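Report on the following structure.
The values are calculated or read from the model by the stated rules, or taken from the named source; none is laboratory data. What you see is a predicted model; the values in this text were computed from it and never measured. When we count neighbours, we look across all protein chains shown, and the Cβ atoms used for this are built from the backbone with ideal geometry, even at glycine.
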């Protein structure tokens, strides 16, 4: 699109509506009426003029009370993954009490969300909140499933932040400036 002159910058954005169910992809510049507040940008870890993967450095993920779950890892941002795949140590620490009440297929009672902490994802001098109702997803059956799983050790990245994370903010993929931005949903 850029080489054809249809857009002036190599930028695309995923804009989800509140609740993360419906959304839009914008190619080129976004308008300020589509975002709340300012866009916070994070540099890509592996920068090259031809962006083939969107990997950012996560400084830490902590619980709201300050308890550290995991520090300093790189994460692939993947709009094609419905779940997020994080380091096993984080998953084990976060869900240690919940796993005792899971069914064979991983379903948990939705009441478990009330016991789970708000997570703080720290990225390059700013943070995003990740609420239990966002990382534990209610199914049509009335049960819930975690939208977070431990990453398979054979995967060549340390973590994948999928839609369970990305659909709760606007994500701006800026290939011209080799960065990714996050902003609040209008």
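Observations on the structure shown:
- Scanning the range 161-177 for residues that are surrounded by 22 or more Cβ atoms within 10 Å (Cβ to Cβ) and in a strand (DSSP E or B) returns 161, 170, 171, 172.
- The range 67-89: number of residues that are more than 21 Å from residue 178 (Cα to Cα) and either under 16 Å from the mean Cα position of the chain (by Cα) or in a strand (DSSP E or B) (or both): 11
- Filtering the range 52-66 to residues that are touching a residue at least 12 places away in the same chain (Cβ under 8 Å), over 11 Å from residue 76 (Cβ atoms) and in a loop (DSSP other than H, G, I, E, B) leaves 64, 65.
- Filtered by the rule that a residue be closer than 23 Å to residue 42 by Cβ and assigned to a strand (DSSP E or B), the range 105-129 gives 119, 120, 121, 122, 123, 126, 127, 128, 129.
- Which listed residue is touching a strand residue (DSSP E or B) at 6+ places or on another chain (Cβ under 8 Å) and touching a residue at least 40 places away in the same chain (Cβ under 8 Å), from 176, 71, 107: 176
- Filtered by the rule that a residue be touching a helix residue (DSSP H, G or I) at 6+ places or on another chain (Cβ under 9 Å) and at pLDDT 80 or above, the range 16-44 gives 24, 26.
- Condition check for residue 141: at pLDDT below 90 and not in a helix (DSSP H, G or I): yes
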